[in-house]
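These notes are about the structure you will find just below.
The values are calculated or read from the model by the stated rules, or taken from the named source; none is laboratory data. Predicted model, so just to flag it, every value in this text is computed and none were measured. Reconstructed Cβ throughout: ideal geometry from the backbone, glycine too, with neighbour counts over all protein chains shown.
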Amino acid sequence: MTDDRRFEHPATAQSSLSRRDFFKEAGATGLAGAAVPLTTFSGTAPARRADGTPEQIHLTWGEDPATTVIVSWASPAQAVNPRVSLQHPSGAPRIVHALQRCYTDGLNGQTVFTYHARLEHLTPGRRYRYCVTADNDSNHQEPFTASFQTAPRGPAPFRWTSYGDLATPVTSWALSSPQSRHAVAAVERFQPLFHLLNGDLCYANLNPASQPAVWADFGNNVQLSAANRPWMPCPGNHEIEFNNGPLGLDAYRTRYTLPHNGTAFQGLWYRFQVGSALFISLSADDVIYQDSGAFVAGPLPLQPAPSTGHPPIEPGTSIYIRGYSGGEQTRWLEQTLSAAASDPGIDWIIVQMHQDALSSSKNGNGSDKGIRESWLPLFDRYGVDLVLCGHDHDYERSWPVRGCNHDVGRDADSGATVDTCQPQPVLAAELANGQFDTRLGTIHLILGGGGTSAPLDTFGVNAATGLPQAKVITRSNRPVPAAVPGSFTKHGADALEDAIWSARRDTETGYGVAVFDLDPGVAGGNTSITMRYYHAAGADRVATSSYELFDTLVVTKPRRAAPQP
Ligand SMILES: [Fe+2]
Ligand SMILES: [Fe+2]
């Protein structure tokens, strides 16, 4: 039996699993730990004194990052008069009152209080200092204070960073790891204008009895950076939770205020522009074949706390939301890309999503044909330059790709021909100086090395040729009965293909951070983005604060963005 087959048919016993094995289990079967019922709950959340002290403070961009920043936070209990005081160099501070958004966790019954203050009419490219407080802030004598910088207007150099799959530093939570704290500190060291957090934020759904507590540990860890610069997230499969809204994403949506997309699916996908780059954040659960949200493996049901009023969740239940927007997200994407392609102020289009269209991870999830079918043709048509993902906890960079080869994959079990829509590398996109012209093809980056306890830096190899090989999910993998009576499992990827599109894979560690520096160039010349990937060598064994350069990528094209008048 090969490793691939072991991944596809994981054992159901939990007690003998190592942490790495646990992830494999979680990746294949979602909420594997759900076999433990939540029968120990008293039925009500523990009583708290009315503590409105701000915590989990984080920034996001508004619709226009040059002028609007959102300050969001939570507090242990309901805050009284929650507000931000925006310092002004010439005059009295501006007081901005926050809106409250709450939800009650559908598994343990805890109510979560969050606050969101929209700072508008800011000046582009300027630093602002702010305070967060409330009348019942226990730190009201010395409230939390930090500063941020607004985005530039028009072509200007700037830096952003990115990774996904962060988890928390509290190792009692499933998939959390001390590396998560180092990862946040690494972002601060690089001092980006903002950070892209590519889904699987904290894995709360693998800790069903304690989801709000996991979110709080995540939020307080991230605050070390996210209070100083926007952290822009996209939803991953581990943000999908039982009994928290129709898509399972209410915990995520309550905590984040993100740019409006003009649809009923506010906060799940959005766009924003910084300088000459358009950033598009997508919710790939809408198009992927994988069933990887919350899942009860059994044999026991998942029993929500009595206070929630929710019935037991039976073994074999999973939240599968493929197609949830009825095509609305893809229509929005096409409209957004079409407008960007003809906008002379936009030189670069960068897409962020969680799951992967091009991943050759051996022990992770692999590539999903759903993204290839739904979105890669649009990326080709409108010239997306970079796609930044997570999901597989490793680093992989593709060649520029455009179009696809049909009927070149094979079924993982039978060997029969399968159409995996194998992306085609564009060799001509590599210039003589080693840089890439992304007008000819889109480069995909897997940046899943935030800080989980489960690095996945082992990659597929075609045993016959020694060349890279990828697992591809080409059909849904809903739960099926497992060997243990009353238990369920989900199969992994069903197909294999030669990963002719894979350019670089980090086999040394599954941890790292990507740092992007955009050079707008000058009128009549070229513009470029330099990506440096710093990996945390040795972190697979012992957490480390040391990040060193592993890979450099330069993409370039003629600038078309007009100078700002
Ligand atoms: Fe993940
Ligand atoms: Fe994931």
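Please verify whether the range 180-196 includes one or more residues that are of a type in the set (Ser, Thr, Tyr), part of a loop (DSSP other than H, G, I, E, B) and surrounded by 22 or more Cβ atoms within 10 Å (Cβ to Cβ). The answer is no, given that none of the residues of the range 180-196 is of a type in the set (Ser, Thr, Tyr), part of a loop (DSSP other than H, G, I, E, B) and surrounded by 22 or more Cβ atoms within 10 Å (Cβ to Cβ).
Considering 467, 496, 447, which residue is within 28 Å of residue 289 (Cβ to Cβ) and in contact with a helix residue (DSSP H, G or I) (Cβ under 9 Å, 6 or more places away or on another chain)?
Details: 467 fails: in contact with a helix residue (DSSP H, G or I) (Cβ under 9 Å, 6 or more places away or on another chain); 447 fails: in contact with a helix residue (DSSP H, G or I) (Cβ under 9 Å, 6 or more places away or on another chain).
Within the list 467, 496, 447, the selection yields 496.
Scan the range 300-309 and give yes if some residue there is free of Cβ contacts under 8 Å to residues at least 40 places away in the same chain and in a helix (DSSP H, G or I), otherwise no. Looking through the range 300-309, none of the residues is free of Cβ contacts under 8 Å to residues at least 40 places away in the same chain and in a helix (DSSP H, G or I).
Within the range 364-375, being outside any loop (DSSP other than H, G, I, E, B), farther than 12 Å from residue 391 by Cα and in contact (Cβ under 8 Å) with a residue 60 or more places away in the chain holds for 369, 370, 371, 373, 374. A count restricted to the range 344-364 and to residues that are under 15 Å from residue 505 (Cβ atoms), polar (S, T, N, Q) and within 15 Å of ligand 1 (Cβ to nearest atom) stands at 3. Candidates 248, 316: the one that is under 18 Å from the mean Cα position of the chain (by Cα) and at positive phi is 248.
For beta carbons closer than 6 Å, sequence separation of 6+ or different chains, a first residue in the range 129-148 that is surrounded by fewer than 18 Cβ atoms within 10 Å (Cβ to Cβ) and a second that is modelled with pLDDT under 95 and part of a loop (DSSP other than H, G, I, E, B), the qualifying pairs are 129/87.
Taking the condition within 24 Å of residue 106 (Cβ to Cβ), of a type outside the set (A, V, I, L, M, F, W, C) and within 27 Å of the chain's Cα centre (by Cα), does residue 309 pass?
On the way: within 24 Å of residue 106 (Cβ to Cβ): yes; of a type outside the set (A, V, I, L, M, F, W, C): yes; within 27 Å of the chain's Cα centre (by Cα): no.
For residue 309, the condition - within 24 Å of residue 106 (Cβ to Cβ), of a type outside the set (A, V, I, L, M, F, W, C) and within 27 Å of the chain's Cα centre (by Cα) - is not met.
If the condition is being among the polar types (S, T, N, Q), more than 15 Å from ligand 2 (Cβ to nearest atom) and out of contact with any Phe, Trp or Tyr (no Cβ under 7 Å at 6 or more places or on another chain), then the range 226-243 contributes only 243. Looking across the range 136-165 at every residue that is within 16 Å of ligand 1 (Cβ to nearest atom) and not in a loop (DSSP other than H, G, I, E, B), the one that is nearest to residue 355 (Cα to Cα) is identified as 163.
State yes or no: is residue 197 within 16 Å of ligand 2 (Cβ to nearest atom), in contact with a Cys (Cβ under 8 Å, 6 or more places away or on another chain) and either more than 24 Å from residue 109 (Cα to Cα) or modelled with pLDDT of 95 or more (or both)? So residue 197 fits the description; yes. Within the range 208-235, the set of residues being over 23 Å from residue 145 (Cβ atoms) and surrounded by fewer than 24 Cβ atoms within 10 Å (Cβ to Cβ) comprises 209, 210, 212, 213. Scanning the range 360-375 for residues that are closer than 11 Å to residue 458 by Cα and within 14 Å of ligand 2 (Cβ to nearest atom) returns 361, 363, 364. Taking (1) touching an Asp or Glu at 6+ places or on another chain (Cβ under 7 Å); (2) within 16 Å of ligand 1 (Cβ to nearest atom) in turn, residue 285 satisfies each apart from (1). A search for C-beta distances below 7 Å between a residue of the range 389-410 that is free of Cβ contacts under 8 Å to residues at least 60 places away in the same chain and closer than 22 Å to residue 281 by Cα and any residue that is hydrophobic (A, V, I, L, M, F, W, C) and assigned to a strand (DSSP E or B), counting only pairs 6+ apart in sequence or on different chains, returns 400/436; 400/443. Total residues in the range 343-363 satisfying the condition of being part of a loop (DSSP other than H, G, I, E, B) and touching a helix residue (DSSP H, G or I) at 6+ places or on another chain (Cβ under 9 Å): the figure is 9.
Of the strands (runs of 3 or more DSSP E) lying entirely inside the range 385-499, not one carries at least 3 residues that are surrounded by 24 or more Cβ atoms within 10 Å (Cβ to Cβ) and on the phi > 0 side of the Ramachandran plot.
The conditions of being outside any loop (DSSP other than H, G, I, E, B), over 28 Å from residue 209 (Cα atoms) and among the basic types (Lys, Arg) are met by residue 118.
Taking residue 209 as the residue in question, decide whether it is in a loop (DSSP other than H, G, I, E, B), in contact (Cβ under 8 Å) with a residue 24 or more places away in the chain and out of contact with any helix residue (DSSP H, G or I) (no Cβ under 9 Å at 6 or more places or on another chain). Here the answer is yes, as residue 209 does meet what is asked.
Which of the residues belonging to the range 288-299 are within 16 Å of ligand 1 (Cβ to nearest atom) and part of a loop (DSSP other than H, G, I, E, B)? Let's see the steps before the verdict.
Residues of the range 288-299 that are within 16 Å of ligand 1 (Cβ to nearest atom), as a first pass: 288, 290-295.
Once the filter is applied, which keeps residues that are within 16 Å of ligand 1 (Cβ to nearest atom) and part of a loop (DSSP other than H, G, I, E, B), the range 288-299 yields 288, 290, 291, 292, 293, 294.
The residue that is farthest from residue 388 (Cα to Cα), among those in the range 214-269 that are in a helix (DSSP H, G or I) and among the small types (Gly, Ala, Ser), is 216.
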